[in-house]
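Report on the following structure.
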Amino acid sequence: MYDLIVHNAHVYPDFRTGTPAPAASMAITGGRVSELGVAADAPARERLDADGAIVLPGFVDCHTHLCFAGNRMDEHAARLAGASYADIAAKGGGIRATVRAVDQATEQQLVDQSLPRLQALMREGATTVEIKSGYGLSVANELKQLRAIRRLGETGGVRVTPTFLALHALPEGVPAEKYVRQVIEETLPAVARESLADSVDVFCEHIAFGVADMLAVFERARELGLACRAHTDQLSNLGGTRAAAEFGVLSCDHLEYIRTEDIAAMAANGTVAVLLPGAYYCLRESQQPPVSELREAGVPMALATDLNPGTSPVASPLAILHLASTLFGLHADEAVAGLTRHGAHALGRDDLGTLNPGARADFTIWDVAGPEFFTYQLGGIRPRNVYFEGTPA
Ligand code: DI6
Ligand code: FE
């Protein structure tokens, strides 16, 4: 006896090279997919007639910074007037502006202000959302942000995976060496003690932290049993992608400025490339990540919103599918794979991002002609239903 059979459907279980043929039905038991292509009248507690609609794995948004307070609307205007992201940061704006807002906010206020953003992603079919800290920059405030992230994950209908963004920016007036030492000796162990994160991230960039600091944090994270990932080569190439890939991170994210040797290191180490077209678009960047080289090298490409108050105020996974196609040239099946199977891959999860038997039954039902519709039409699309672990989200 199955818990649920979805029938009269086009179930796309798994986006990989060449979209596999859809199945007409899917059976679910105990919150997981148990079988594809079952008889519509097989014994089941519940039955859902999809009316010929398409069924996709729930979206996995594997890179967001959606837990924050305030907004940075003023920076958009400054950028239109010619200021760069680095100019704004040098004047005390950028990440530090959000750090001040997070310092002023209580844990409850962080939850209240961030929940609508999480719900916006859920409305468009996200069933797993990674959320990073990184706007605290002190032991107490990073823990406050991570506790707020944990509470966002308790609201139901979505799985939140928390990441401790250990090195994001330097707090005002603190020398880099002292700050990195505090992260390694105090913050990381405190995060691990409270089990507040699954993984650790570092912003490796000329305006942020160098390769040596990144690797020192990763070593400590690994000792504490945490997975690692990195923001690399978004604005410049410091060699961060190669070093992170060789260390064994799950993913390197952004990658506008990667070179051929970085791609080879990712391919050799099975590193996922997380592309973030929202940040590229909002920063009006012109250097594109080398998609055809990544494709040729067989590096899996994930996509994510990067939802954050500065570089990617984009609370829409569907917009990301469209931008990845129009700006970066991803094919429709690559784009959907980026927000499903490879997003899960970037989180080190093989139970998410597909509807293969055994996977979590997180799925969405859409009245669209096919997956190609998502890269074709911008706006005006919503899933008819979102299911999380086999029940309506
Ligand atoms: N890269 C980004 O795009 C975001 N953080 C990062 O490391 C930007 C975060 C912000 O501007 O608030
Ligand atoms: Fe980011």
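Here are some notes:
- Rounded to the nearest whole angstrom, the semi-axes of the ellipsoid equivalent to the range 227-366, taken from the Cα gyration tensor as √(5λ), stand at 22, 19, 13, largest first.
- Once the Cα-Cα distance is subtracted from the 0.36 nm per residue extended length, the residue 8 to residue 74 segment shows a gain of 18.8 nm.
- Put a dot 7 Å past the Cα of residue 297, heading toward its Cβ, do the same for residue 140, and the two dots end up 4.4 nm apart.
- Using the 1.4 Å probe convention, the accessible area of the range 178-256 works out to 35 Å² per residue with neighbouring protein chains retained.
- Among the trypsin sites (Lys or Arg not before Pro) in the range 152-188, none sits in a DSSP loop with a Cβ that has at most 12 other Cβ atoms within 10 Å.
- In this structure, residue 91 and residue 224 have a Cβ-Cβ separation that, at R0 = 30 Å, corresponds to a calculated FRET efficiency of about 0.25.
- Cα centroid of the range 348-388 to Cα centroid of the range 224-302, whole Å: 25
- The range 275-379: trypsin sites (Lys or Arg not before Pro) in DSSP loop, at most 14 other beta carbons within 10 Å: 284
- Accessible area per residue for the range 99-156 is 36 Å², calculated with a 1.4 Å probe on protein heavy atoms, without ligands, DNA or RNA.
- With all protein chains in place and a 1.4 Å probe, the accessible surface of the chain carries 50 percent carbon and sulfur.
- Estimated at 0.36 nm per residue, the fully extended path between residue 350 and residue 172 surpasses their Cα-Cα distance by 60.1 nm.
- Computed [θ] at 222 nm, helices only, for the chain once each DSSP H run of length n ≥ 4 contributes -39500 (n - 2.57): -10000 deg cm²/dmol
- Folded to 0 to 90 degrees: helix 107-123 orientation relative to the chain principal axis, Cα: 40
- Proportion of all alpha-carbon pairs of the range 237-308 beyond 17 Å (%): 37
- Largest-first principal axis extents of the Cα set of the chain (Å): 68, 42, 41
- The amide H of residue 368, built 1.01 Å from its N in the peptide plane, has 54 as neighbours under 5 Å, considering only residues 5 or more places off or on other chains.
- Here the range 93-182 has an Rg and Dmax of 13.9, 43 Å, counting Cα atoms alone.
- To the nearest 10, the accessible area of residue 261 is 80 Å² with a 1.4 Å probe.
- 18 Å tail of the calculated P(r), the range 194-274, as % of Cα pairs: 33
- Against the chain, whose longest principal axis is taken from its Cα atoms, helix 139-152 shows a tilt of about 10°.
- Directionally averaged projected area (convex hull, Cα atoms, the range 292-393), nm²: 7.5
- In the full protein context, the range 274-393 carries 36 Å² of accessible surface per residue, based on a 1.4 Å probe and ignoring ligands, DNA and RNA.
- Taking 0.36 nm per residue of separation and subtracting the Cα-Cα distance, full extension of the segment from residue 39 to residue 378 would add 118.5 nm.
The values are calculated or read from the model by the stated rules, or taken from the named source; none is laboratory data. Predicted, not measured: the structure shown is a model, and the values here were computed from it. So basically every Cβ, Gly included, is an ideal-geometry build from the backbone, and we count neighbours across all protein chains shown. With ligands, DNA and RNA removed, areas are computed over all heavy atoms of the protein, side chains included. Shrake-Rupley method; radii C 1.70, N 1.55, O 1.52, S 1.80 Å.
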